[in-house]
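The values are calculated or read from the model by the stated rules, or taken from the named source; none is laboratory data. Just so it is clear, the model here is predicted, and its values are computed rather than measured. Positions of Cβ are generated from backbone atoms using ideal geometry, with glycine treated the same way; all protein chains shown enter the neighbour counts. For the accessible areas, the whole protein counts, side chains as well, though only heavy atoms, and no ligand, DNA or RNA atoms are used. Shrake-Rupley method; radii C 1.70, N 1.55, O 1.52, S 1.80 Å.
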Amino acid sequence: MLELNGATYRYAGYARPVLHEVSLRVGDGEIVGLVGPNDSGKSTLCLVASGLAPASIGGELKGTLTLDGTTAAGLRTFELAERVVIGFQNPNTQRSGIAATVFEEIALGPMNLGLPVVETVARTRDAISRLRLEAIVERDPQRLSGGQAQLVGIASLLAMRPRHVILDEPTAQLDPEGTRLVGEALEALAARGTSLLVAEHKTDLLDRLCSRIVVLDAGRVVRDGSAGGVLDDPELRELGVEPPARVRLTRAVAHAGGDPRALEAVLR
Ligand SMILES: Nc1ncnc2c1ncn2[C@@H]1O[C@H](COP(=O)(O)OP(=O)(O)O)[C@@H](O)[C@H]1O
Ligand SMILES: [Mg+2]
């Protein structure tokens with residue numbers, strides 16, 4: 001389980017915190033969605049929940065990050081990296097820069113964990129097939145489209161089979177097919193007991209994947225509840241979050257005097 005308690009975070013050199021008293025919990029095997037308008041602090045929360053802020057990027061954190069009962073502040077960088085991995089919004093930030101092929105790029109993670117070659121190759125192949133990257137395994141990781149680079153970045157994380165995963169807008173550059181593949185890969189990770197925190201604008205995806213959703217506004221948690229409950233919240237749009245198609249359609253049908261239950265069979 002990954003747990004934040006009363007996290008108030010200030011970037012180095014800034015007087016005011018960006019996150020205020022944020023508490024949240026991601027259980028084993030749970031996918032928690034993180035939504036909110038631009039600048040509400042989603043990316044910052046991802047950095048704090050991964051332990052990178054303040055350990056690697058500085059700044060000041062009040063409150064605690066706890067991973068399976070261990071306080072992150074007491075862990076060394078490599079110990080932290082074994083427990084929690086983060087996928088950045090921009091896949092170029094993630095790329096190692098040293099791998100000659102996509103296959104090597106994905107294999108680097110498990111290799112760095114010191115796993116035997118056979119296990120490294122098996123995990124790399126599994127991640128490649130989950131994200132349907134077979135056609136580009138020989139390509140230079142520097143010469144990929146934005147969407148391909150994003151899928152390779154996620155495959156690299158999958159291959160590490162971490163206990164905790166933080167993803168900052170993992171599907172920002174993906175088409176519907178890529179988005180669906182990522183969704184399925186995340187579900188498979190969760191089924192193995194990984195806890196996932198996913199900052200994402202595509203509420204249709206979150207509606208399908210998440211057990212819970214947290215809404216941030218100006219660095220504060222303003223909603224934290226079941227995915228169905230939060231996404232159905234009539235104030236969601238005022239909080240800067242677009243409701244999923246399921247909710248918009250149901251409302252439109254009800255508004256037109258129809259029976260919204262008729263939609264359920266189609267949308268599920
Ligand atoms: N490296 C940084 N240094 C200082 N302020 C930052 C930094 N990154 C983001 N911020 C500020 O923190 C606030 C939240 O940003 P961010 O976490 O990126 O939100 P979101 O991901 O929801 O768009 C913004 O006001 C932004 O200007
Ligand atoms: Mg962001």
I'd like the distance between the alpha-carbon centres of the range 230-268 and the range 70-90, rounded to an integer number of Å. 38 Å
Counting only protein chains, not ligands or nucleic acids, how are R223, R143, R251, R237 ordered by accessible area (probe 1.4 Å), most first? R143, R237, R251, R223
Order V230, V117 by their accessible area, 1.4 angstrom probe, all chains in place, largest first. V117, V230
Separation of alpha-carbon centers, the range 158-206 and the range 119-155, rounded to whole Å: 15 Å
With label points set 7 Å from each Cα along the Cα-to-Cβ direction at E184 and E264, the distance between them in nm comes to 2.7 nm
Ranked order, H255, H20, H164 - accessible area, probe 1.4 Å, largest first: H255, H20, H164
Report the label-to-label distance for Y14 and R220 in nanometres (one decimal), using points 7 Å from each Cα along the Cα→Cβ vector. 1.7 nm
Can you pull out the GluC sites (Glu not before Pro) in the range 183-262 that DSSP calls coil and that have at most 16 other Cβ atoms within 10 Å? E235
According to the square roots a ≥ b ≥ c of the eigenvalues of the Cα gyration tensor, what is the shape class of the range 2-233, taking rounded for a/c under 1.5, prolate for a/b larger than b/c otherwise, and oblate for the remainder? prolate
Give, in nm to one decimal, the length gained when the segment between S56 and V118 is fully stretched (0.36 nm per residue of separation minus the Cα-Cα distance). 19.1 nm
Taking the simple approach of a point 7 Å from Cα along Cα-to-Cβ for both S145 and E104, what is their distance in nm? 2.5 nm
Taking a probe of 1.4 angstrom, what is the accessible area of T93 in Å², to the nearest 10? 90 Å²
Tell me, what is the FRET efficiency for N92 and E235 to the nearest 0.05, using R0 = 35 angstrom and their Cβ-Cβ distance as r? 0.45
With every protein chain left in place and a probe of 1.4 Å, what is the accessible surface of S96, to the nearest 10 Å²? 50 Å²
